[in-house]
Amino acid sequence: ASFTAGVVATLAIVHLVLPTMNGKHYTTTGRPKQVGDNAFVLSVSLTFRSAASAQSFKSAWAEAAAYCLTNEPFLYQYEVAQSDKNPLEYVILERYRSKEDYVSRHRHSTAFNLFRPKLRALQEQGEVEIHGGSYLELGIGFT
């Protein structure tokens, strides 16, 4: 009975209290939803020719992401996702406080200067096709 009561209490907190605590909104895992960042966004799609080239990219990305997590507080998001339909297709999403932070800080960082030549080499070898663009958030949604 006490276990069931604990489960019910936890569910009530997660689904009723947390989602709007203190006027803020939260996900079901307790992560606050962010509104109005108006970030500078890079969205890049990558299609690899082989699993080996994709793995090489993922290893290099992991190193860059570890650096960025620790050293770039102006970087809101730095993530890569793999297609659920084609294991050789990926998308990169990067969100920065401003375009200036991307251009003047991130592009001169240790992470960028180690990662970008590795990706460029894959491009030059014909191992990856890359398409992408940069965007400014409008602030009418949330992250």
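The values are calculated or read from the model by the stated rules, or taken from the named source; none is laboratory data. What you see is a predicted model; the values in this text were computed from it and never measured. Here the Cβ positions follow ideal geometry from the backbone for every residue, glycine too, while neighbour counts run over all protein chains shown. Just so you know, the surface numbers come from the protein's heavy atoms only, side chains and all, with ligands and any DNA or RNA stripped out. Shrake-Rupley method; radii C 1.70, N 1.55, O 1.52, S 1.80 Å.
Of the options (i) 35, 21, 14; (ii) 44, 21, 15; (iii) 64, 12, 9, only one is semi-axes √(5λ) of the Cα gyration tensor in Å as computed from these coordinates, and that is (i). Solvent-accessible area assigned to carbon and sulfur over the chain amounts to 57 percent, based on a 1.4 Å probe. Modelled label positions at Y26 and Q55, each set 7 Å beyond Cα in the direction of Cβ, lie 4.1 nm from each other.
Using a probe of 1.4 angstrom and keeping all protein chains present, the accessible surface of the chain works out to 65 square angstrom per residue.
Put T27, T47 in order of accessible area, highest first, and with a 1.4 Å probe you get T47, T27. Calculated mean residue ellipticity, 222 nm, the chain: -11000 deg cm²/dmol, from DSSP H runs (n ≥ 4) at -39500 (n - 2.57) each, averaged per residue and rounded to 500. As a length-normalised measure over Cα pairs under 8 Å and 6 or more apart, the relative contact order of the chain settles at 34 percent. Report, to the nearest 10°, how far helix 110-124 tilts away from the longest principal axis of the Cα atoms in the chain, using its own Cα long axis and a range of 0 to 90°. That works out to roughly 60 degrees. The count of lysine pairs in the chain that are at least 8 places apart or cross chains, and whose C-alpha atoms lie under 23 Å apart, stands at 4.
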